[in-house]
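See below for the structure under consideration.
Each value in this text was obtained by applying a stated rule to the coordinates, not by laboratory testing. What you are looking at is a predicted structure, and each value in this text was computed from that prediction instead of being measured. A quick note on method: Cβ atoms are made from the backbone with ideal geometry, for glycine too, and the neighbour counts reach across all protein chains shown.
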Amino acid sequence: MPAKQPNSAAGSRSSETRERIVDAAEECFIQNGTQRTSMSDIAAAAGVSRKTLYRQFEDRPALIEALLIRRIYQVGDK
């Protein structure tokens, strides 16, 4: 039996969800500060469940790291 091919539509949705979460985290951090922003706040702002958030990011530091990496690339592009 041939190996199952990854579903590109599912991968695209996952990538879109991940970006939406990072966008929401950035907005929450700007509005409330990093210390006062909970993962529940971010999930609600992104329109996803906490379960979905934790599927995309293992923990808070992983989410913050993704946001920082994105910002580094943005600065590098300027």
Given the DSSP H assignment, sum -39500 (n - 2.57) over each helix run of at least 4 residues in the chain and divide by its residue total; what's the result at 222 nm in deg cm²/dmol, nearest 500? -24000 deg cm²/dmol
Starting from the Cα gyration tensor of the chain, take the square roots of the eigenvalues, sort them a ≥ b ≥ c, and report rounded, prolate or oblate (rounded when a/c is under 1.5, otherwise prolate if a/b is larger than b/c, else oblate). oblate
Cβ-Cβ cut-off under 14 Å around THR17, Lys and Arg +1, Asp and Glu -1: the net charge is +3
Computed for the chain: size of charge dipole around the Cα centre, +1 on C-beta of each Lys and Arg, -1 on C-beta of each Asp and Glu, debye to nearest 20, value 220 debye
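Determine the sum of side-chain charges near SER38: Lys and Arg each +1, Asp and Glu each -1, restricted to other residues whose C-beta is under 10 angstrom from that of SER38.
Taking every Cβ under 10 Å from that of SER38, the sum is +2.
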